[in-house]
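> Quick one: the structure is below, and I'll ask about it shortly.
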Amino acid sequence: MTVESTAAQKPRRSAGTKSAASTGTTGTKRAASGAKRTGANKSPGADTQLIQLLTPEGKRVKDATYDPYVADITPDELRGLYRDMVLTRRFDAEATSLQRQGELGLWASLLGQEAAQIGSGRATREDDYVFPTYREHGVAWCRGVDPTNLLGMFRGVNNGGWDPNSNNFHLYTIVIGSQTLHATGYAMGITKDGADSAVIAYFGDGASSQGDVAESFTFSAVYNAPVVFFCQNNQWAISEPTEKQTRVPLYQRAQGYGFPGVRVDGNDVLACLAVTKWALERARRGEGPTLVEAFTYRMGAHTTSDDPTKYRADEETESWEAKDPILRMRTYLEASNHADEGFFAELEVESEALGKRVREVVRAMPDPDHFAIFENVYADGHALVDEERAQFAAYQASFADEGEDK
């Protein structure tokens, strides 16, 4: 397997995706709602100018405002950003395969969003605090969380797998949007403590419609909280396109709350790094919150239980494959003579080793205690829980009885 197979390849569509040519159709099949988009960049304000430092062709462009935030970046650090994205994608692909093999109950892939997560994650300081959703595998990597710890929750053997205070990286939050309130409250506490650190809260375009997010915007603005709201707009809230949720670009919502909003090319790791550094520095200086909208694309399914072919056109996905953040960065490294074939070959070996370790660790994880779900439901005993526990015990015993019959 070459480095292109794990790093610089175009992201693959989910299993079951077929083009119109292969199915013998004309591409007119629609989801049950009858609303399937047929082109790329249909999100509100998609033609709005993005903050961009690397074009999709891998060419460096100048930006007077944000260039200073990456002016001192070294070739070694540029290679590091590429390495982060490659290894994060490999981990993500391995997790998807493990779920398909029955080793995980579910998996939420980040395929296509590596630049947004690595760029913003590397912009944080050690003393900053990060509040993720459930897809921030790249940010977890940047914060030093062992990637295998992320898999315990999806395998059902733990409730998170890491100490949030060890890496200032909160546990994954499944309830959509609620972590933005947690982040705002923590940021308000930082202000009261007189610290100069900052908070960053991650959420998606779907979560931007949640009341918790609106409430966090209100409180953070009123109390001038040092928090950066980092919205990864991957344009699909499961099967709901962004235009069904907002009539303006998401970053413009910040205006109504009285703080800045910016839109960055979410497939440009350098721009994401620079913009997030700028926003975090604002927060540390006491200038309050910022909304960063990273305009990107979810190349795979929402989770492994989803089939995006039912609501998303192949043409749209293919147009975004050309904007692959990893290919973009590799092109830039090669054109700038910042990386040679030896670097890519070594990275391929490291990628393979990571994949092997992930498989071995997951398969060695013990099965969860099937009766743990009945614990801590109520502070005291409860007759209904006791009844359900007994029913479940009888159900489990039935499998042993079947084995004895044989």
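The values are calculated or read from the model by the stated rules, or taken from the named source; none is laboratory data. Computed from a prediction, not measured in an experiment: that's the story for all the values here. Heads up, the Cβs are rebuilt from the backbone with ideal geometry, glycines too, and the neighbour counts pull from every protein chain shown. For accessibility, only protein heavy atoms count, side chains too; no ligands or nucleic acids. Shrake-Rupley method; radii C 1.70, N 1.55, O 1.52, S 1.80 Å.
> When you check residue 45 against the structure, is it open to solvent by 30 Å² or more (accessible area, probe 1.4 Å), among the small types (Gly, Ala, Ser), over 17 Å from residue 354 (Cβ atoms) and modelled with pLDDT under 95, yes or no?
No; evaluated as a whole, the condition is false for this residue.
> May I ask you to list the residues in the range 110-134 that are within 14 Å of residue 304 (Cβ to Cβ) and either open to solvent by less than 20 Å² (accessible area, probe 1.4 Å) or modelled with pLDDT under 95 (or both)?
Narrowing the range 110-134 to residues within 14 Å of residue 304 (Cβ to Cβ): 110-111, 134.
Residue satisfying the conditions is 110 alone.
> Taking the conditions exactly as written (of a type in the set (Val, Ile, Thr) and buried (at least 18 other Cβ atoms within 10 Å of the Cβ)), does residue 175 satisfy them or not?
Details: of a type in the set (Val, Ile, Thr): yes; buried (at least 18 other Cβ atoms within 10 Å of the Cβ): no.
Taking the combined requirement at face value, the residue does not satisfy it.
> Could you tell me how many of the residues in the range 114-143 are farther than 18 Å from residue 283 by Cα and of a type in the set (Asp, Glu)?
Residues that pass the stated criteria total 2.
> Quick check on residue 151: is it crowded, with 24+ Cβ neighbours inside 10 Å and closer than 26 Å to residue 375 by Cβ?
Yes.
> In this structure, is residue 379 out of contact with any Pro (no Cβ under 7 Å at 6 or more places or on another chain), open to solvent by less than 80 Å² (accessible area, probe 1.4 Å) and free of Cβ contacts under 8 Å to residues at least 40 places away in the same chain?
No: the conditions fail for residue 379.
> Does the range 18-38 contain any residue that is at pLDDT 95 or above and either open to solvent by less than 40 Å² (accessible area, probe 1.4 Å) or in a loop (DSSP other than H, G, I, E, B) (or both)?
no
> Looking at the range 63-109 only, could you name the residues that are without any contact (Cβ under 8 Å) to a residue 12 or more places away in the chain and either of a type in the set (D, E, K, R) or buried (at least 22 other Cβ atoms within 10 Å of the Cβ) (or both)?
72, 76, 77
> Still on this structure, please answer the following. Do we find a residue being farther than 27 Å from residue 125 by Cα, among the β-branched types (Val, Ile, Thr) and part of a loop (DSSP other than H, G, I, E, B) anywhere in the range 315-336?
No, the range 315-336 contains no residue that is farther than 27 Å from residue 125 by Cα, among the β-branched types (Val, Ile, Thr) and part of a loop (DSSP other than H, G, I, E, B).
> I've got another one for you. For a quick check of your reading of the model, give me the residue pairs whose first member lies in the range 293-305 and is over 15 Å from residue 95 (Cβ atoms), whose second is of a type in the set (Phe, Trp, Tyr), with beta-carbon atoms closer than 6 Å and at least 6 apart or on different chains.
293/251; 297/320; 298/236
> Within the group 208, 239, 178, which residue is of a type in the set (Gly, Ala, Ser), touching a Cys at 6+ places or on another chain (Cβ under 9 Å) and closer than 23 Å to residue 117 by Cα?
On the way: 239 fails: touching a Cys at 6+ places or on another chain (Cβ under 9 Å); 178 fails: touching a Cys at 6+ places or on another chain (Cβ under 9 Å).
After applying the criteria, what remains is 208.
> Is it the case that some residue within the range 233-250 is of a type in the set (Ser, Thr, Tyr), closer than 24 Å to residue 50 by Cα and buried (at least 23 other Cβ atoms within 10 Å of the Cβ)?
Yes - at least one qualifying residue is present in the range 233-250.
> Can you name the condition, by its number, that residue 257 falls short on among (1) in contact with a His (Cβ under 9 Å, 6 or more places away or on another chain); (2) open to solvent by 10 Å² or more (accessible area, probe 1.4 Å)?
Only one criterion in (1) in contact with a His (Cβ under 9 Å, 6 or more places away or on another chain); (2) open to solvent by 10 Å² or more (accessible area, probe 1.4 Å) is unmet by residue 257, namely (1).
> Being of a type in the set (Ser, Thr, Tyr), assigned to a loop (DSSP other than H, G, I, E, B) and open to solvent by 40 Å² or more (accessible area, probe 1.4 Å): is that true of residue 305 here?
Yes; evaluated as a whole, the condition is true for this residue.
> Within the range 259-293, count every residue that is more than 14 Å from residue 202 (Cα to Cα), assigned to a strand (DSSP E or B) and among the charged types (D, E, K, R).
Kept after step one, since they are more than 14 Å from residue 202 (Cα to Cα), are these residues of the range 259-293: 259-265, 267-271, 273-275, 277-278, 281-288.
Still in the running and assigned to a strand (DSSP E or B): 261-265.
From the residues that got through so far, the ones that are among the charged types (D, E, K, R) too are 263, 265.
Within the range 259-293, residues that are more than 14 Å from residue 202 (Cα to Cα), assigned to a strand (DSSP E or B) and among the charged types (D, E, K, R) number 2.
> Which count do you get for residues in the range 206-227 that are touching a Lys or Arg at 6+ places or on another chain (Cβ under 8 Å) and outside any helix (DSSP H, G or I)? Steps first, answer last, please.
First, pick out the residues of the range 206-227 that are touching a Lys or Arg at 6+ places or on another chain (Cβ under 8 Å): 208, 217, 226.
Now drop any that are not outside any helix (DSSP H, G or I), which leaves 226.
Matching residues across the range 206-227 total 1.
> Restricting attention to the range 337-355, and to residues there that are closer than 25 Å to residue 59 by Cα and of a type in the set (A, V, I, L, M), which single residue is most open to solvent (accessible area, probe 1.4 Å)?
Restricting to residues being closer than 25 Å to residue 59 by Cα and of a type in the set (A, V, I, L, M), the top hit is 345.
> Still on this structure: For residue 331, state whether it is among the β-branched types (Val, Ile, Thr), over 28 Å from residue 205 (Cα atoms) and open to solvent by 20 Å² or more (accessible area, probe 1.4 Å).
Answer is yes for this residue.
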